[in-house]
1. Only one of (1) under 17 Å from Arg158 (Cβ atoms); (2) surrounded by fewer than 16 Cβ atoms within 10 Å (Cβ to Cβ); (3) in contact with a His (Cβ under 9 Å, 6 or more places away or on another chain) is not met by Gly224, so which one is it?
2. Would you confirm whether any residue within segment 147-164 is out of contact with any helix residue (DSSP H, G or I) (no Cβ under 6 Å at 6 or more places or on another chain) and free of Cβ contacts under 8 Å to residues at least 24 places away in the same chain?
3. In segment 132-148, is there at least one residue being assigned to a strand (DSSP E or B) and within 30 Å of Ala208 (Cα to Cα)?
4. Which one of Asp213, Asp254, Asp188 is assigned to a loop (DSSP other than H, G, I, E, B) and surrounded by 20 or more Cβ atoms within 10 Å (Cβ to Cβ)?
5. Which pairs have Cβ atoms under 9 Å, sit 6 or more apart or on different chains, and link a residue in segment 242-264 that is closer than 17 Å to Ser154 by Cα to one that is charged (D, E, K, R) and at pLDDT 85 or above?
6. Please go through segment 191-210 and pick out each residue that is surrounded by fewer than 20 Cβ atoms within 10 Å (Cβ to Cβ) and either of a type in the set (Lys, Arg) or assigned to a loop (DSSP other than H, G, I, E, B) (or both).
7. Just checking, which of Phe79, Phe97 is modelled with pLDDT of 95 or more and touching a His at 6+ places or on another chain (Cβ under 6 Å)?
8. Condition (residue is β-branched (Val, Ile, Thr), farther than 27 Å from Thr157 by Cβ, at pLDDT 80 or above and touching a His at 6+ places or on another chain (Cβ under 8 Å)) applied to segment 45-59: is it met by at least one residue?
Amino acid sequence: MERSLKKLLLIAGAAFVLPLAGQAQTYKIGDRFPGGGLVIEVDAAGKKGTLIDEADSGPYTPSEAIAAGKAKGASLPNFTQLKLAYTYLHKSGKGSFKPALYQSANASSAHYRIGLDFATGTESTGIAQNHKVLVRFTKAFDASSTVASVFPLSRETRFEPGRKYPSPSGKHYLSFQRDGNLVVATQDGKPVWALNSLTPNWRNNGYAVFQADGNLATYQADNGYVWSARHTPSPAGTTLTLNDKGELQIIGPDGKPLWTGTAN
């Protein structure tokens with residue numbers, strides 16, 4: 001059985017030659033960014049700009065809003081950014097904004113802050129220091145070195161050593177490391193699943209592939225078999241995915257998992 005398995009894997013492995021392009025994703029106003037946020041400003045290259053939260057915060061007084069923004073590493077939008085959110089998101093049915101007043105970082109005087117009424121699109125200059133108003137925080141993004149999510153993957157995909165392949169949410173990534181380990185990690189680099197816990201021969205790996213038979217496997221540089229997720233071929237239409245829980249899964253055509261790499 002083991003010899004037959006190796007033969008099957010090597011035959012299937014001969015067909016994979018499709019490297020992932022790894023081109024940085026470009027964005028336009030209104031796009032959802034991996035990991036959360038909607039694009040409200042973007043440069044001409046489509047790679048750097050500003051995101052606005054997809055959910056309301058508050059209501060807060062102006063001082064409470066500043067403190068809450070700092071706590072989450074975000075900022076209050078300026079009035080121009082609020083206007084962009086109203087024009088290009090809210091009026092297009094994006095962002096789930098309420099028909100309510102939202103505050104900006106701009107002040108109309110020493111005691112009042114400027115806001116925008118999303119019910120009418122009109123400016124308000126009278127948000128007092130004790131007035132609690134809804135907030136949508138903003139933060140900058142830079143996708144110039146970020147690879148767009150490739151999941152779910154179809155068959156015949158070979159992983160480039162050292163490259164990070166992010167999940168659709170951006171919370172996790174899959175990487176075939178240069179030391180031969182195949183790893184799923186959180187966005188900040190904490191491993192949640194790794195091949196070195198499943199096989200002592202992981203350092204022999206020369207490449208990793210989601211191959212033509214719908215199996216995830218690793219091989220030595222000379223095509224010698226090292227490890228595979230499954231011991232039988234997968235049905236046509238099988239894909240490889242990385243979900244928001246950090247689970248690497250082979251998914252059958254009926255949407256059900258055929259194999260799951262759970263947290264170690």
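The values are calculated or read from the model by the stated rules, or taken from the named source; none is laboratory data. Bear in mind that the values here come from a model prediction, so they are computed numbers and not experimental data. Using ideal geometry, Cβ is built from the backbone for each residue, glycine included, and neighbour counts are taken over all protein chains shown.
1. The single condition Gly224 does not satisfy is (3).
2. Step one: of segment 147-164, the residues out of contact with any helix residue (DSSP H, G or I) (no Cβ under 6 Å at 6 or more places or on another chain) are 147-164.
Next, only the ones that are free of Cβ contacts under 8 Å to residues at least 24 places away in the same chain stay: 162, 164.
Yes: segment 147-164 contains one or more residues that are out of contact with any helix residue (DSSP H, G or I) (no Cβ under 6 Å at 6 or more places or on another chain) and free of Cβ contacts under 8 Å to residues at least 24 places away in the same chain.
3. Taking segment 132-148 as the starting set, the residues that turn out to be assigned to a strand (DSSP E or B) are 133-135, 138-142, 147.
Now narrow it down to the ones that are within 30 Å of Ala208 (Cα to Cα): 142, 147.
Taking every residue of segment 132-148 in turn, at least one turns out to be assigned to a strand (DSSP E or B) and within 30 Å of Ala208 (Cα to Cα).
4. Numbers: Asp254 fails: surrounded by 20 or more Cβ atoms within 10 Å (Cβ to Cβ); Asp188 fails: surrounded by 20 or more Cβ atoms within 10 Å (Cβ to Cβ).
Only one candidate qualifies: Asp213.
5. Once the first residue is closer than 17 Å to Ser154 by Cα and sits in segment 242-264, its partners that are charged (D, E, K, R) and at pLDDT 85 or above give Ile250/Arg230; Pro257/Glu247; Leu258/Arg230; Trp259/Arg230; Thr260/Glu247.
6. Leu198, Thr199, Pro200, Asn201, Arg203, Gly206
7. Working: Phe79 fails: touching a His at 6+ places or on another chain (Cβ under 6 Å).
Result of the check over Phe79, Phe97: Phe97.
8. No, segment 45-59 contains no residue that is β-branched (Val, Ile, Thr), farther than 27 Å from Thr157 by Cβ, at pLDDT 80 or above and touching a His at 6+ places or on another chain (Cβ under 8 Å).
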